[in-house]
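Structure record follows, encoded as structure tokens.
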Amino acid sequence: MVKLINMITTGQTAISFEELNELNELIFRIHGFDFKGYSPASLKRRVTRIMHLHHLDFFGLKMQLANDSTFFDKFLTDVTVNVTEMFRDPSFYKTVREKVLPYLSSYPRLKLWSAGCSTGEEAYSLAILLEEEGLFERSFIYGTDINTKVLQTAKEGIYDLKKMRVYSENYRLSQTKYSLSNYYTAKYDAAAMQARLKKNMLFSVHNLCMDSVFNEFQLICCRNVLIYFNSELQKKVIDLFYNSLSPLGFLCLGSKETLRGDEKLKRFKMVDSRENIFQKIA
């Protein structure tokens with residue numbers, strides 16, 4: 001394993017930053033995906049790993065991306081980060097339950113956006129949270145990602161049953177009084193989320209780097225996504241979120257990300273500093 005890691009970081013087929021820029025231009029021109037705002041160091045590591053896994057040099061990688069749409073789909077899956085869990089970081093959900101949902105309970109209709117939702121676990125977690133607070137029937141959750149493969153998993157809502165052990169512990173630590181098993185049906189080695197959770201939920205493709213506002217939301221949740229963007233793209237995405245929030249709407253970034261400078265002072269009020277939950281200033 002150590003040898004493989006060393007090969008990935010120092011091997012002869014490692015991509016240079018100049019080649020990475022060339023690759024970004026090719027991908028944008030042919031496939032319409034703009035990776036130029038991603039953290040160069042992080043993107044470089046992932047692309048180099050893909051080259052090693054597929055035994056490709058830089059020229060071969062460009063040829064595959066230019067001529068094989070199936071390969072690009074695999075490339076997109078590997079280059080984007082899709083690590084998620086239900087009730088990941090339980091303290092976050094506890095804080096949303098205590099500090100955000102009581103305020104949102106006064107709204108006749110609620111729209112929530114799980115941005116960069118990956119395989120959908122966060123969207124289902126939000127749905128469960130809303131149901132337990134009596135808000136789900138008047139809510140609608142949009143889950144978006146740039147990766148169609150992970151979105152298909154989210155739409156199906158079927159997960160490895162072994163993962164439910166971790167998810168159930170996360171759920172318990174969020175200090176709920178129920179059981180996560182109330183929300184899925186176990187069959188063989190799979191767990192299928194209850195159909196009632198899907199009825200007020202829509203998963204679709206949205207590119208945070210390029211796409212625009214598509215609705216007005218009372219809550220936007222985007223955790224562990226902005227850390228992979230450079231500062232310029234982070235600001236662009238925060239502008240998108242600000243313009244997508246209703247007056248006094250909530251932006252939930254989680255403990256690993258935050259707002260900085262004038263964005264925090266002029267446009268948002270801090271709701272919780274540990275979980276980086278902000279409220280748009282009307």
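The values are calculated or read from the model by the stated rules, or taken from the named source; none is laboratory data. Bear in mind that the values here come from a model prediction, so they are computed numbers and not experimental data. Quick reminder, even Gly has a Cβ in these numbers, built from the backbone with ideal geometry, and neighbours come from all protein chains shown.
For segment 119-175, name all the residues that are over 14 Å from the mean Cα position of the chain (by Cα) and acidic (Asp, Glu).
If the condition is that a residue be over 14 Å from the mean Cα position of the chain (by Cα) and acidic (Asp, Glu), then 131, 132, 133, 137, 156, 160, 169 are the ones that fit.
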Original post:
Which of the residues belonging to segment 23-53 are of a type in the set (S, T, N, Q) and farther than 18 Å from residue 210 by Cα?
Top reply: 42, 48
**OP:** Taking the residues in segment 144-162 that are charged (D, E, K, R) and over 13 Å from residue 86 (Cα atoms) as candidates, determine which candidate is modelled with the lowest pLDDT.
**Re:** 149
Original post:
Does segment 235-256 include one or more residues that are in a loop (DSSP other than H, G, I, E, B) and of a type in the set (A, V, I, L, M, F, W, C)?
Top reply: yes
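Pick from 169, 131, 156: which is surrounded by 18 or more Cβ atoms within 10 Å (Cβ to Cβ) and not hydrophobic (A, V, I, L, M, F, W, C)? Spell out how you get there, then give the answer.
Details: 169 fails: surrounded by 18 or more Cβ atoms within 10 Å (Cβ to Cβ); 156 fails: surrounded by 18 or more Cβ atoms within 10 Å (Cβ to Cβ).
The conditions single out 131.
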**OP:** Kindly list, by first and then second residue, each pair from a residue in segment 26-55 that is within 18 Å of residue 233 (Cβ to Cβ) to a residue that is among the small types (Gly, Ala, Ser) and surrounded by 14 or more Cβ atoms within 10 Å (Cβ to Cβ), limited to pairs with Cβ atoms under 9 Å and residues at least 6 apart or on different chains.
**Re:** 44/14
**OP:** Please name all residue pairs, on different chains or six or more residues apart, with Cβ atoms under 6 Å, provided the first residue is in segment 252-269 and is surrounded by fewer than 15 Cβ atoms within 10 Å (Cβ to Cβ) and the second residue is in a strand (DSSP E or B) and modelled with pLDDT of 85 or more.
**Re:** 269/279
Original post:
Which of the residues spanning segment 77-105 are surrounded by 17 or more Cβ atoms within 10 Å (Cβ to Cβ), in a helix (DSSP H, G or I) and modelled with pLDDT under 95?
Top reply: 79
Subject >> segment 219-239, residues that are modelled with pLDDT under 95 and of a type in the set (A, V, I, L, M) >> reply: 225, 226, 227, 233, 237, 238
Original post:
Mind checking which residues of segment 201-221 are within 12 Å of residue 34 (Cα to Cα) and either in the same structural domain as residue 33 (by TED's automatic domain parsing) or among the acidic types (Asp, Glu) (or both)?
Top reply: 211
**OP:** With the checklist (1) more than 21 Å from residue 247 (Cα to Cα); (2) in contact with a helix residue (DSSP H, G or I) (Cβ under 9 Å, 6 or more places away or on another chain) in hand, flag the one item residue 122 doesn't pass.
**Re:** (2)
Original post:
Based on what the data block shows, is residue 164 buried (at least 16 other Cβ atoms within 10 Å of the Cβ) and either in the same structural domain as residue 249 (by TED's automatic domain parsing) or farther than 30 Å from residue 229 by Cα (or both)?
Top reply: yes
